[in-house]
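Chemist: One structure is given below, represented as structure tokens, and several questions about it will come after.
All of the numbers you see were taken from the coordinates with simple rules; none came from a lab. A quick note: this is a predicted structure, and the numbers were derived from the prediction, not measured. Every residue, glycine as well, gets a Cβ built from its backbone with ideal geometry; the counts of neighbours run over all protein chains shown.
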Amino acid sequence: MTVVTRNLKPFEYFEPKTIAEATQFLSTHGAKAKVLAGGVDLIFRMRRRQIQPEYIVSLQSIPGLDYIRKDGENLKIGALTNLRTIELSPIIREDYSILAEAIHTIASIQVKNMGTAVGNLCIATPASDVAPPLFALGAKLRLIGLSGERIVPIEEFYLNVGQTILQPDEIVAEILIPNSSAKVRGAFLKLVRTATDIAKVNVAVTLTIEDNICRDAKVAVGSVAPTVFRAKKAEGILIGEKLKPEVVEEAAEAAAEEAKPITDLRSTAEYRREMVKVLVRRAIGKAQERGN
Amino acid sequence: MQKQIARFIINGRPYEVAIEPRMTLLELLRDELGLTGTKYSCGAGECGACTVLVEGKPVLSCLTLAIRVREKNILTIEGLAKGTDLHPIQKAFIEHGAIQCGFCTPGMILTAKALLDENPNPTKEEVKEYLAGNLCRCTGYVKIIEAVLAAAKAIREGK
């Protein structure tokens, strides 16, 4: 049992007015500084003394980081856009419904009012409910650092549990979801103990089907490996085929093989692997039924 | 660590308080201002007992730095009644026996208020879903849900 302390250790609080100021500060202070967006995870871990940053860099005074908007190529979600705003956004519910559905399963309204989608990605928990739909929608992230910016596919963002490619001076400025993913057939499924608990297994699937043939498939799986991952073998089995039950079953089995689950208090590794199969099979079925 | 003067608007009233950056909103309310209606329980964002409304939205005061809600409108349970005239949700909680030990009640009522402000006519399922982040170890939730639905009706009918 980890003790949750009441008081936070002292730190210096910095509220930059621009991204450039933030990256400058982060570059100077490196690992001693932590970025604060919604604070759900950061303040929690500071209370537990899991991390004790000397500096907190709050993004809240940087104007123009809270938005959901579309341009010619992407739907963009800003670094300070909270989960509740995304869940309720008409364009996301309409065109990228698996993202809204996944966030809907994050049960506490308080956490969704505070927490941001970008913050959820940056803590790099394998149990994220935000990452799998974004993997399945082919999302990218815009990272901004001292020397410039780069855009990376979300599946290249993660290295390990709690680890990303983000450099000490970088922040994730926005999430980019390609317009080509709008209204794609998709499904998100999650297995949990209680409404507010984190996933034992979660799965997001998108399918492009033309003339009864699966032209594209993205199968993203969470909570059963050090990072959320794309089950590429499963996708390979689906693409180019008619999605008959035996093809779906083969893909579901492949996804289960690709998983690297652990045993913990929520489930055994064996059970998790079996449930990857079940959830992938069901998610493909659910996505197929959707008539976009 | 140096303290700085920050201004807060709590229950409609302005406060100026010398705070350290590490002070949480919960500590500001309870320890600095004596507004002990907001409860400290898990300290980890699991239980919802510390819920207050910031600009009308329920947030967890134990995981919110006070410095981040400077100049914002904060509503705590102390600000809900008008003098001795209780809010319809408070009345409904009393009438329906939705309070036992009372520790979850302030957070529960404030979350319910946010729900009814957003959605004046929720279904039972919508109430359960919205209150999922507020734990109660006494009531089994049945009476709480009944109370929120009754309060919704009373508010709609202008009572």
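Chemist: Return a whole-number percent for the relative contact order of the stretch B:45-159, with Cα pairs under 8 Å and 6 or more residues apart as the contact set.
Modeler: Working: 153 pairs, mean separation 37.7, N = 115.
Contact order relative to length: 33 percent.
Chemist: With unit charges on the beta carbon (Lys/Arg positive, Asp/Glu negative), name the residue among A:159, A:188, A:107 whose Cα is farthest towards the positive pole of the charge dipole of chain A.
Modeler: After comparing all options, I get A:107.
Chemist: What spacing in nm lies between the two simple spin-label points modelled at residue A:150 and residue A:208, each 7 Å away from Cα in the Cβ direction?
Modeler: 2.6
Chemist: How far apart, in nm, are the 7 Å Cα→Cβ label points at residue B:73 and residue A:49?
Modeler: Distance between label points: 4.1 nm.
Chemist: What does the structure give for B:62-69 when I average, per residue, the other chain Cβ atoms found within 10 Å of the residue Cβ? Can you show the working numbers first?
Modeler: Details: counts 5, 13, 6, 10, 0, 5, 11, 1.
Average per residue, whole number: 6.
Chemist: May I pose another question? On a full-extension model of 0.36 nm per residue, what is the gain between residue A:70 and residue A:250, subtracting their alpha-carbon distance, rounded to one decimal in nm? It would help to have the intermediate numbers written out before the result.
Modeler: Values: separation 180, 0.36 × 180 = 64.80 nm, distance 3.71 nm.
Length gained between residue A:70 and residue A:250: 61.1 nm.
Chemist: Would you please classify the overall shape of the stretch B:30-81 from the alpha carbon gyration tensor, given that a ≥ b ≥ c denote the square roots of the eigenvalues, rounded means a/c under 1.5, and beyond that prolate means a/b larger than b/c while oblate covers the rest? Could you put the intermediate results ahead of the total?
Modeler: Details: a/c = 1.34, a/b = 1.17, b/c = 1.15.
Rounded, because the longest to shortest axis ratio a/c is under 1.5.
Chemist: In the stretch A:116-222, what trypsin sites (Lys or Arg not before Pro) fall in a loop by DSSP, with at most 16 other Cβ atoms inside 10 Å? Don't skip to the end; give the middle numbers.
Modeler: Details: sites: A:140, A:142, A:150, A:183, A:185, A:190, A:193, A:200, A:215, A:218; in loops: A:183, A:193, A:200.
Passing both the DSSP loop test and the Cβ count: A:183, A:193.
Chemist: How much mean residue ellipticity at 222 nm does the protein assembly as shown get from its helices, if each DSSP H run of length 4 or more adds -39500 (n - 2.57) and you divide by all residues, to the nearest 500 deg cm²/dmol?
Modeler: So the calculated ellipticity at 222 nm is -9000 deg cm²/dmol.
Chemist: Let me ask something else. Which value, in debye to the nearest 20, gives the size of the charge dipole of chain B about its Cα centre, when Lys and Arg are +1 and Asp and Glu are -1 at the Cβ? Please list the in-between numbers first.
Modeler: Numbers: 20 positive and 18 negative charges, 20 e Å.
My answer is approximately 100 debye.
Chemist: Which FRET efficiency value, to the nearest 0.05, do you get for residue A:165 and residue A:21 by plugging their Cβ-Cβ distance into 1/(1 + (r/R0)^6) with R0 = 30 Å? Please report the intermediate quantities before stating the final value.
Modeler: On the way: r = 23 Å, r/R0 = 0.76.
Given R0 = 30 Å and the Cβ-Cβ separation, E is 0.85.
Chemist: Now for a different question. Count, for each residue of A:99-107, the Cβ atoms from other chains sitting within 10 Å of its Cβ, then give me the mean as a whole number. If you can, show how the numbers build up before the last one.
Modeler: Details: counts 0, 0, 0, 0, 0, 1, 0, 2, 5.
Mean number of neighbouring Cβ atoms from other chains: 1.
Chemist: Quick check for me: using +1 on Lys/Arg Cβ and -1 on Asp/Glu Cβ, what's the dipole size of chain A about its Cα centre, in debye to the nearest 20? Write out the running numbers ahead of the final one.
Modeler: Details: 39 positive and 35 negative charges, 160 e Å.
For this selection, approximately 760 debye.
Chemist: Moving on. Quick one: grab the alpha carbon gyration tensor of the stretch A:108-151, order the square roots of its eigenvalues as a ≥ b ≥ c, and give me rounded if a/c is under 1.5, else prolate or oblate depending on whether a/b is larger than b/c. Before the final figure, lay out each step's value.
Modeler: Working: a/c = 2.50, a/b = 1.50, b/c = 1.66.
Taking the square roots of the gyration eigenvalues as a ≥ b ≥ c, the stretch A:108-151 is oblate.
Chemist: What stretch of chain B, leaving out the sites themselves, is the longest with no GluC sites (Glu not before Pro) in a DSSP loop having at most 14 other Cβ atoms within 10 Å?
Modeler: Numbers: sites that count: B:55, B:71, B:157.
That would be B:72-156.
Chemist: Still on this structure, I have one more. For the stretch B:25-159, what is the convex hull volume of its Cα atoms per residue in Å³? List each step's numbers first, then the result.
Modeler: Working: hull volume 14.3 nm³, N = 135.
Value for the stretch B:25-159: 106 Å³ per residue.
Chemist: In addition: How far apart, in nanometres, would the label points at residue A:179 and residue B:154 be if each is projected 7 angstrom from Cα along the Cα-to-Cβ direction?
Modeler: 5.2
Chemist: Looking at the stretch B:1-65, which trypsin sites (Lys or Arg not before Pro) are in a loop (DSSP not H, G, I, E or B) and have at most 12 other Cβ atoms within 10 Å? List each step's numbers first, then the result.
Modeler: On the way: sites: B:3, B:7, B:22, B:30, B:39; in loops: B:3, B:22, B:39.
Counting only loop positions with at most 12 other Cβ atoms within 10 Å, the trypsin sites (Lys or Arg not before Pro) in the stretch B:1-65 are B:3.
Chemist: Using the Cα centre as the reference, give the magnitude of the dipole from point charges on the C-beta atoms of the stretch A:125-213 (Lys, Arg: +1; Asp, Glu: -1; all else neutral), rounded to the nearest 20 debye. Kindly include the intermediate steps, with their values, before the conclusion.
Modeler: Working: 8 positive and 10 negative charges, 63 e Å.
It comes to approximately 300 debye.
Chemist: Rounded to the nearest 0.05, what FRET efficiency is calculated for residue B:18 and residue A:274 with R0 set to 51 Å and r the Cβ-Cβ distance?
Modeler: On the way: r = 57 Å, r/R0 = 1.12.
That gives a FRET efficiency of 0.35.
Chemist: Compute the relative contact order of chain A as a whole-number percentage, counting only Cα pairs closer than 8 Å that sit 6 or more residues apart in sequence.
Modeler: On the way: 636 pairs, mean separation 44.2, N = 292.
Relative contact order, chain A: 15 percent.
Chemist: Which whole-number percent is the relative contact order of the stretch B:1-70 (Cα, under 8 Å, 6+ apart)?
Modeler: Values: 108 pairs, mean separation 22.9, N = 70.
Here the relative contact order equals 33 percent.
Chemist: To the nearest whole number, what is the average tally of beta carbon atoms from other chains within 10 Å of the beta carbons of peptide B:125-131?
Modeler: Numbers: counts 0, 0, 0, 1, 4, 3, 4.
Taking the mean over all residues of the peptide, I get 2.
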